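Worksheet for the structure shown next.
Derivation of every value follows stated rules applied to the coordinates shown; laboratory data play no part. From a predicted model like this one, the values you see are computed outputs, not experimental measurements. Here Cβ is always computed from backbone atoms with ideal geometry, including for glycine, and neighbour counts include all displayed protein chains.
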Amino acid sequence: MSRTQVAIVGAGPAGLLLGALLGRAGIDNVIIERSSAQHVLSRIRAGVLEQGTVDLLDQVGCAGRLHREGLVHHGIDLAFDGALHRVDLSRFSGGRSVTVYGQTEVTRDLMQARAASGQRTIYEASGVALHDLDAAPRLTFTADGVGHELRCDFVAGCDGYHGVSRESVPASALHVFERSYPFGWLGLLADVPPANDELIYSRHPRGFALCSMRSPSRSRYYLQVPGSDTAAAWSDDAFWDELRRRLPEPAADRVVTGPALEKSVAQLRSVVVEPLRFGRLFLCGDAGHIVPPTGAKGLNLAASDVHYLAEGLRQHYAAGSGEGLEAYSARALARVWKAERFSWWMTATLHRFPEAGDFAERLQIAELDYLVHSEAALGVLAENYVGLPF
Ligand code: FAS
Ligand code: PHB
C-alpha cells in the first residue's frame, strides 16, 4: 500500500465516520489506528446522539441497529434543591429529540460496515508520523514489524486529544484556547435498570451527578470527583452510596445497584485549536477540540466536523473546487465554539466549585430556578441540547 487519496489517522468515531462518508463518495481512504479494534471498543465514552449525527449514520447505512436498539428521548430532568424538574426538549425545540446509544456501539457498527466494504484499516500501527503536509503529504508507520510509507493527497487528523496530528503542526501555526476544571467525572457502567426513564443532571451541594443509560437493562452513572481521584479509590458500594446522596429522594430510591462492569475517571477540560487546517492536514473531532461531557457534545461535534470535511473533499474531487476545503476550519469552528459555550454553561451551572464561595452557589440555584420557570430559557437549553444545525 503506497498511495491513497485521503489518509485518516485514528479509528474512533470521527475517523470511521469520515471514512464511511468518503467511501460513499467514491473517495479512496485508508485509516491508520495505533490501537487494536478491541481496545478502541473497550473505551466507554459518549451516550447521547444528536439528530444530525443519527442522520449521518443513516446516510452511510450504519444506523440499522441504532434504530432498533437506540432510545429516543424527548426530555431530560434537572435535579436541584431536592426536586426533579423535567425539561421537555421536544416541546421547546420544535419537536426534536436525542437518541441514547453508546459511542461504543456507534464505533462497532462503523467498524463492521468498514470491514464489509473492503476499505483499508491498519490497526496497531506504531510510530505514526506525518510529513510534507503543505505539498505532498505522506505518513510513515510500522505495522506487523514492517515499516510503511503512505502517500496521499490529504490527511484527516482524527486521532483525538493525545494524537500525533495536532503535534505535527508547528506551534507557531496554531492557537490553543483552553479552560480546565478542578474536577473530573467518575463513570460507572453496570447491568442494572436505569433509575429514571430519561437522563437526570443533578446539581447537589456534595457535587454533580448524572444518571444515564445504554439500554433498559444497562445504566451509566457519573459523579463529580476531585481531579486527583482514581477509579481504584472508589469501591462500588462507595459509588452507589454517594450517587444516592446526590439525587432527590424519589430518584435515589429507584437506583438499582450492581457490580461495576467498568469504572473510570475522565478529566474535564475545554480546548479549541485554531485553525483546524494546516496545509493538507485537517483536524477533526477531539484532535481539534475537547468539551466537558456535561453537554453531551463531544461525539456530536466529531460528526459535524467530518460532515463538513467530507463535503469539501467531495467538491474537490468531483468539481475541482477548493471552496469547501477553504471554508472547513471556519465552518467547523463556528459550530464548535457554540457547543463549547453550551458545555461550559452546563458545567458551570451544575458542578460544585468550592473555591467560588457561597454567593456563586446562590447564583447557580437562581440560574436553575429561573431556567425551569422560563419558556424562553428552556428554549435556549433545548435547542442547544438537541443540537444546533450542521
Ligand atoms: P477518539 O479519541 O474517540 O478517537 C481517536 C482515535 O485515534 C483513537 O482510537 C486512538 O487510539 C487513535 N490515535 C490516537 N493517537 C494516534 C496515533 N498517533 N496514531 C494512530 N491513531 C491514533 N463525549 C460525550 O459526549 N459524552 C461523554 O460522556 C464522554 N466521555 C468521555 C470520556 C473520556 C475518557 C474521553 C477521553 C472522552 C469522552 N467524551 C465524551 C468525548 C468523546 O466521546 C469524544 O468526543 C469522541 O471520542 C471523539 O471522537 P474522536 O474525535 O474520533 O476521538
Ligand atoms: C453518557 O451516557 O455517557 C452521557 C450522557 C450525557 C452526557 C454525558 C455522558 O452529558
The answer for trypsin sites (Lys or Arg not before Pro) in the range 146-236 that fall in a DSSP coil and have at most 14 neighbouring Cβ atoms within 10 Å is R206
Stokes-Einstein D for the range 188-258 (20 °C, 1.002 mPa s, Kirkwood Rh from Cα pairs), in µm²/s, comes to 175 µm²/s
Residue by residue through the range 207-218, the couplings from Karplus 6.51 cos²θ - 1.76 cosθ + 1.60 with θ = phi - 60°, in Hz, x for Gly and Pro, are x, 6, 9, 10, 9, 10, 7, 10, 6, x, 10, 9
Note: A330 to S180 extended length (0.36 nm per residue) minus current alpha-carbon separation gives 51.6 nm
Summing -39500 (n - 2.57) over every DSSP H run of at least 4 in the chain, dividing by its residue total and rounding to the nearest 500, the 222 nm mean residue ellipticity is -11500 deg cm²/dmol
Semi-axes of the range 2-146 from the Cα gyration tensor (sqrt of 5 times each eigenvalue, largest first, whole Å) come to 36, 17, 14
Here, chymotrypsin sites (Phe, Trp or Tyr not before Pro) of the range 276-372 satisfying both criteria (DSSP loop; at most 10 other Cβ within 10 Å) are none
The size of the Cβ-based charge dipole (Lys, Arg +1; Asp, Glu -1) of the range 45-165 about the Cα centre, to the nearest 20 debye, is 300 debye
Fraction of alpha-carbon pairs in the range 80-176 farther than 15 Å apart, rounded to whole percent, equals 77 percent
Phi-derived 3J(HN,Hα) across the range 276-292 with the Karplus relation (6.51, -1.76, 1.60, θ = phi - 60°), rounded Hz, x for Gly and Pro, is 9, 9, 9, x, 9, 9, 10, 8, 10, x, 4, 5, x, 6, 10, 10, x
Assertion target for I31, I200, ordered by fewest C-beta neighbours within 10 angstrom first, is I200, I31
Expressed in angstrom and rounded, the centroid-to-centroid distance over alpha carbons for the range 106-132 and the range 291-344 is 21 Å
Proxy exposure order for T347, T104 (fewest C-beta within 10 Å first) is T104, T347
Sorting P216, V255, H204 by the position of each Cα along the dipole of the range 163-263 (Lys, Arg +1; Asp, Glu -1; all at Cβ), the one nearest the positive end of that ordering is H204
With Rg from the Cα atoms and Rh as the Kirkwood inverse mean 1/r over Cα pairs, the chain has an Rg/Rh of 0.98
If one builds a Gaussian network model of the chain from Cα atoms under 10 Å apart, the most fluctuating residue listed among A251, A303, A360 is A360
